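Q: Provided herewith is a single structure, encoded as structure tokens, for subsequent inquiry.
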Amino acid sequence: MKKQKAQAWSLDIMLATIIFVGTIFFFFLVLNNTQDTKTEELKKDAEKITNSVFSENGALSIIDGGDVNESKLENLLEQNYTDLKKQVGIENDFCLYLEDETGNIISINSSFTGVGSGDINVSDIPCG
């Protein structure tokens, strides 16, 4: 009798292990899928922002003939951030900032490093 009891106990442990591993595998798939979805969403938002910056009539349009139009940039700073997000059609926060050819951040003026969310830091400097 003891032999059968030991075999039944072994079967219970194996079944519990299979369920445990299956549960971990399921949660890994769900979490991985969520990260992929967020990555795709961020890529789409980045594309919308880029298109808006380089479009003549985009909400974030600051480029004229390959150069930054300073008056458009100043006007952009005066606009409400939430309204800009709606005009561009994005849900996530963004920061639009300028760099020189060596990668140094160019401050837009004495008050702003970039245009966008104040919650975003660029090189430890708040964006807006």
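Q: Picking from 67, 124, 100, which residue would you name as being at positive phi, of a type outside the set (Gly, Ala, Ser) and exposed (fewer than 15 other Cβ atoms within 10 Å of the Cβ)?
A: Sole residue among the options that is at positive phi, of a type outside the set (Gly, Ala, Ser) and exposed (fewer than 15 other Cβ atoms within 10 Å of the Cβ): 124.
Q: Would you check if there is a residue in the range 78-96 being hydroxyl-bearing (Ser, Thr, Tyr), modelled with pLDDT of 85 or more and part of a loop (DSSP other than H, G, I, E, B)?
A: Step one: filter the range 78-96 for residues hydroxyl-bearing (Ser, Thr, Tyr), giving 81-82.
Now restrict to residues that are modelled with pLDDT of 85 or more: 81-82.
Right, trim to part of a loop (DSSP other than H, G, I, E, B) and you get none.
Looking for residues that are hydroxyl-bearing (Ser, Thr, Tyr), modelled with pLDDT of 85 or more and part of a loop (DSSP other than H, G, I, E, B), one finds none in the range 78-96, hence no.
Q: Contact list please: Cβ distance under 6 Å, first residue in the range 26-54 and over 14 Å from residue 96 (Cβ atoms) and at pLDDT 85 or above, second residue exposed (fewer than 13 other Cβ atoms within 10 Å of the Cβ) and among the acidic types (Asp, Glu), pairs at least six apart or on different chains.
A: none
The values are calculated or read from the model by the stated rules, or taken from the named source; none is laboratory data. Remember, predicted model here, so these are calculated numbers, not experimental data. Please note: Cβ atoms are built from the backbone with ideal geometry, for glycine as well, and neighbour counts cover all protein chains shown.
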